[in-house]
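Contents: one structure, followed by commentary.
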Amino acid sequence: MGQSPSSVRSKSSRRSFRGFVRRTKLNKSSLSHTFNLPPSEEYPELMNVNTATEEQLMTLPGVNRQIAREIVRHRQMIGRFKRVDDLALVSGIGAEKLELLRPEICTSTRKQISRASSCTHSLDSVRLPGDSKLCSVNSSSVFQLQCVPGLNQEIAANIVDYRNKKGPFKSLDDLIKVRGMDIIRLSTVKHYLSLEPRKCESVQHLTNGHAFPWTDNLLNDSSLSDIKETFGTPRRKSLSMPTKLPITLPNGFATAPVNDILDLLAAYSHRPIVEELFTYERDGIPCCRLASWNLHQLSIEKITNPGVREVICRTILENKLSIIAIQDVLEPAALKIICEELNCPSLRRVRQWRCNSHKWNYCCSERTDGPSLGFIYETSYKGVTVEDVGVDQLHLLSEASDARRLSDALAALSRDNCLASPQVFLICGRPVIIVNVQCRGRWSEQHRARLDEMAALAVSCKLPLFVAGEFQRWDNVHSLKNCESIFDVSITTTVDSNCAGQSSILSAGTIADSCFNGHTGAIKSGLSHLAIPRGWSWGGPASPYCPIWAEIKVPD
């Protein structure tokens with residue numbers, strides 16, 4: 001009951017067969033009933049993975065049907081492989097198998113005729129008859145249109161933009177009016193397009209050219225119910241992208257899990273190399289990094305975008321930020337989502353960061369008439385504990401005579417309409433006061449006087465107080481008489497030249513008498529991601545403002 005020797009094919013035997021074929025390139029005879037070489041062409045050496053069928057890919061060493069199917073599926077999602085190294089992103093192919101395949105494959109036909117193309121046309125290049133394989137220009141999203149052969153992301157976005165402004169297309173020839181479209185491109189893409197929506201598209205919700213219902217496994221059932229109960233059901237907009245649900249792409253492509261696409265986008269999104277090894281101490285003295293970041297209209301739908309979430313979380317982790325003052329928070333639940341990603345990462349790049357305590361929390365001011373101010377902080381790291389307490393409890397933590405007045409002043413400020421939110425943190429049991437601010441213009445005399453009064457009281461009580469946030473202009477910084485800016489006026493804190501703003505961190509009293517240790521930074525690298533929209537293109541920043549940080553000594 002054994003197998004005959006001829007029924008067993010090892011990898012080595014397959015490789016030797018391929019080597020024999022290459023050595024006999026001029027052999028034009030039929031090798032088998034299913035493998036024929038064209039009689040008029042020389043057998044080329046490399047297989048073009050952009051045109052090869054599943055059966056042809058299976059002749060490669062170490063490639064079974066499942067891996068061949070994954071190669072074709074991945075190729076359908078991204079359009080084509082630009083280089084051989086792109087195959088490393090295909091499921092089932094790692095670095096070791098890629099090195100085995102590298103001498104056998106290519107991605108271009110410029111220098112030589114591909115073996116796959118010399119045999120038969122690729123399966124995914126053969127369109128089946130019927131409208132089921134056509135992509136509708138009147139209902140498809142940007143994401144779907146850019147998967148059409150011959151259309152890139154920019155032209156797909158221009159099609160949706162033209163459709164939104166002028167109405168549905170009445171003829172495919174009207175596409176010539178779209179910016180970036182020419183006669184040659186139109187003649188190529190018309191075979192893949194239609195005016196009528198496909199059946200599968202009729203059940204999708206189309207909003208601003210995006211057709212993907214967003215769901216995130218990061219949000220568990222309990223947190224989703226809490227968010228919906230408090231803030232209502234989030235709306236679907238352009239920033240929202242799914243991370244787990246599979247979708248069906250146009251042109252009859254197979255079901256494609258979007259998290260594979262996001263992994264591909266993340267792999268090509270730049271992350272800076274962390275050069276300084278910060279170990280939460282300077283000259284043997286424990287310290288932590290206090291940061292400020294205007295996240296620009298932070299909402300649930302914005303943070304659901306995996307690119308935004310990855311940029312925020314990796315920036316916090318890479319730069320060892322312990323307490324971050326966040327400005328322009330439209331929905332406080334967005335801070336909760338950030339902390340959940342830090343504590344239980346769902347994104348690969350966040351999971352890969354080893355120096356993560358997974359002990360993050362948040363707090364946020366309660367406002368109903370505009371954006372809120374919040375904090376994200378690491379509750380425990382390297383033996384240092386951080387805890388937030390109410391400002392009305394400050395007088396219980398200090399024996400100074402002015403502690404009660406300072407506590408009342410902080411409580412009054414938190415109730416004021418001024419965009420300033422004070423918070424008391426216990427770092428190793430010692431109070432540190434941080435006032436989170438966001439200015440939208442020139443500070444009023446009343447608000448400036450209140451902050452000056454609190455700074456003077458903090459100095460008299462010998463309690464460290466810092467004012468961190470978005471001051472909009474340096475006039476607001478210089479107007480505070482009892483505070484001194486840790487950052488210089490020459491520091492630019494925006495990543496968008498069209499955006500006006502000035503972030504800073506101020507210390508009550510003089511810097512020399514504060515617990516600031518002299519080390520600061522403005523983070524301007526790694527703030528963009530290919531999954532973040534930027535107008536009609538991709539690769540935008542998570543916020544037009546960059547985070548800044550300053551190191552403070554941990555109280556004894």
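The values are calculated or read from the model by the stated rules, or taken from the named source; none is laboratory data. The shown structure was predicted, so the numbers you read here are calculated from the model rather than taken from an experiment. A quick note on method: Cβ atoms are made from the backbone with ideal geometry, for glycine too, and the neighbour counts reach across all protein chains shown. What goes into the accessible areas is simple: the full protein's heavy atoms, side chains included, and nothing from ligands, DNA or RNA. Shrake-Rupley method; radii C 1.70, N 1.55, O 1.52, S 1.80 Å.
Expressed as a whole percentage, what fraction of the accessible surface of the stretch 303-394 belongs to carbon and sulfur atoms when a 1.4 Å probe is rolled over the protein heavy atoms? Looking at the stretch 303-394 in its full context, I get 45 percent from C and S.
Between THR385 and ASP85, how high is the FRET efficiency from 1/(1 + (r/R0)^6) when r is the Cβ-Cβ distance and R₀ = 45 Å? Nearest 0.05.
On the way: r = 45 Å, r/R0 = 1.00.
For THR385 and ASP85, the calculated efficiency is 0.50.
Note that the stretch 467-556 presents 40 Å² accessible area per residue, ligands and nucleic acids not counted, probe 1.4 Å. Roughly speaking, what is the centre-to-centre gap between the stretch 463-488 and the stretch 155-174 when only Cα atoms are used, to the nearest Å? Centre-to-centre distance over Cα atoms comes out at 50 Å. For the listed residue pairs LYS336/LYS524; LYS382/LYS553; LYS302/LYS524; LYS170/LYS302; LYS302/LYS553, the alpha carbons are over 23 angstrom apart in LYS336/LYS524; LYS170/LYS302; LYS302/LYS553. Of the listed residues VAL477, VAL489, the order by accessible area with a 1.4 Å probe, largest first, is VAL489, VAL477. Residues in the stretch 351-431 average 52 Å² of solvent-accessible surface per residue, probe 1.4 Å, ligands and nucleic acids excluded.
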